[in-house]
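FYI, it's all coordinate maths here, none of it is from the lab. Keep in mind that this is a model prediction, so the values were computed, not measured. In this analysis, Cβ positions are derived from the backbone assuming ideal geometry, glycine residues included, and neighbour counts consider all displayed protein chains.
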Amino acid sequence: MEAQTFDLIVVGEGVAGLHCARRAAERGLRTATFERAVFGGLILNVNELDPPPANAPHSGAELASAIVEANAELDVESHPDETVTGLRATASGFDVIAGDSTYHARYVVAASGARRRMLGVPGEEAFAGRGVSQCADCDGPMYGNADVVVIGGGDSALQEALVLARYCKTVHLVHRRGKYRAQGRFVDRLAGEPRIRPILDSEVRAVVGETGVAAVTLLDRSRDATRELPCTGVFAYVGLVPNSEWLPAEVRRDNEGGVVTDGSFATSVPGLWAIGAVRSGYGGTVAHALDEAERASLAIAALAT
Ligand SMILES: Cc1cc2nc3c(=O)[nH]c(=O)nc-3n(C[C@H](O)[C@H](O)[C@H](O)COP(=O)(O)OP(=O)(O)OC[C@H]3O[C@@H](n4cnc5c(N)ncnc54)[C@H](O)[C@@H]3O)c2cc1C
């Protein structure tokens with residue numbers, strides 16, 4: 001059977017991929033999007049985006065849904081639940097491989113985002129879904145009046161700790177350095193939240209319990225001493241790993257797997273662009289994702305027409 005052919009295939013239906021597809025379709029490109037799970041990506045479970053996007057819904061799910069609806073009206077062909085497993089350059093563009101199916105496109109945008117980095121400590125996997133969680137907005141209400149531990153020092157960790165402080169008795173905010181690296185406005189808000197207790201210069205070394213989480217083992221790096229900190233919930237936000245494994249070896253990446261691009265988001269392979277959290281040097285917010293999507297779609301449309 002002949003492969004379905006598009007002007008543009010966008011891999012990933014996070015906010016970057018969805019918006020790029022929308023803007024490309026508005027510029028007349030026959031466009032398809034592929035998503036290995038459901039649309040929305042990392043923002044799907046963020047109820048209140050901070051900063052709130054301008055002139056758009058403030059909940060992640062609503063923002064993504066609004067773009068999905070616009071894409072449907074523009075005849076963007078969405079392939080949910082279809083993981084792209086490989087990419088092959090051809091004389092006229094690319095074969096995009098999704099399991100047993102192959103599609104063809106003149107241009108491809110990698111918008112496959114990133115996934116949470118695991119702590120990699122004993123107990124983390126064993127208690128996943130039984131006390132080890134990745135979503136403050138979804139699971140926070142289950143920890144009403146409980147003690148939880150949030151790990152990390154960046155924007156996501158502090159933002160999620162602030163969400164959990166609405167529900168929990170105590171939120172221990174553990175960071176391995178002496179100071180949080182999140183934006184000042186998040187750090188400043190900690191002072192007004194008596195339920196959040198900062199624990200700096202410390203590392204979680206294990207998650208312990210029997211049927212559910214009962215404590216974490218904490219290393220105080222300044223004193224080189226360990227202790228058990230009782231808690232029933234553990235939320236780790238210790239960075240992201242780019243979802244770039246499906247790309248061929250000739251696509252240049254940094255040491256973390258982030259795809260290297262030029263200023264217009266073109267990769268080392270002609271015809272292939274990368275935007276959003278899969279990209280090396282990505283700014284990290286929804287506003288950055290939307291901006292990169294806009295600029296890449298403009299560059300591609302200029303080539304295509
Ligand atoms: C906890 C947390 C809270 C945040 N809160 C905010 C906030 O309040 N405000 C803000 O501006 N930013 C926030 N961010 C950052 C924001 O979520 C990201 O910058 C943005 O969502 C990145 O979008 P993306 O489309 O590049 O990637 P992603 O959201 O990661 O989307 C990529 C999509 O590609 C799919 N995919 C991956 N591989 C494949 C494949 N091989 N085939 C098909 N599909 C694939 C994934 O399933 C995913 O749906 C937060 C991030 C986190 C982790």
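If both residues of a DSSP beta bridge must be in segment 156-305, then about 75% of such bridges are antiparallel. Amide H contacts under 5 Å for ALA206: THR217, restricted to partners 5 or more places along the chain or on a different chain, H placed in the peptide plane at 1.01 Å from N. Once the dipole of the chain is set up with Lys and Arg at +1 and Asp and Glu at -1 on Cβ about the Cα centre, which of VAL259, GLY209, LEU290 lies farthest towards its positive end? Comparing the listed Cα positions along the dipole, GLY209 ranks first. Over the Cα atoms of segment 49-96, what is the Rg over Rh ratio if Rh follows Kirkwood? Rg/Rh for segment 49-96 comes to 1.16. Over the residues of the chain, the helix contribution to mean residue ellipticity at 222 nm works out to -6500 deg cm²/dmol, using -39500 (n - 2.57) for each DSSP H run of at least 4. Taking the centroid of alpha carbons for each part, segment 17-40 and segment 226-305 are 16 Å apart. What the Cβ-Cβ distance of ARG221 and ARG252 gives, at R0 = 45 Å and to the nearest 0.05, is a FRET efficiency of 0.80. Computed about its Cα centre, the charge dipole of the chain is approximately 1040 debye, with only Lys, Arg, Asp and Glu carrying charge at their Cβ. Among TYR167, TYR237, the ranking by other beta carbons within 10 Å of each residue's beta carbon, starting with the fewest, stands as TYR167, TYR237.
Among HIS19, HIS79, HIS172, HIS104, the order by Cβ neighbours within 10 angstrom, fewest to most, reads HIS104, HIS79, HIS172, HIS19.
Under a model in which nothing but the beta-carbon of Lys, Arg (+1) and Asp, Glu (-1) is charged, segment 61-166 shows a dipole of about 440 debye around its Cα centre. Quick one: go through segment 185-209 and flag any residue whose amide nitrogen is under 19 Å from the point 7 Å out along the Cα-to-Cβ line of ASN45. Flagged as within label range: 207. The mean sequence separation of alpha-carbon pairs under 8 Å and at least six residues apart, normalised by the residue count of the chain, gives a relative contact order of 20 percent.
Pairing the Cα long axis of helix 155-164 with the longest principal axis of the chain, what angle in degrees results, from 0 to 90 and rounded to the nearest 10? With rounding to tens, the tilt is 60 degrees. Sorted ascending by nearby beta carbons within 10 Å, beginning with the fewest, ILE275, ILE43 become ILE43, ILE275.
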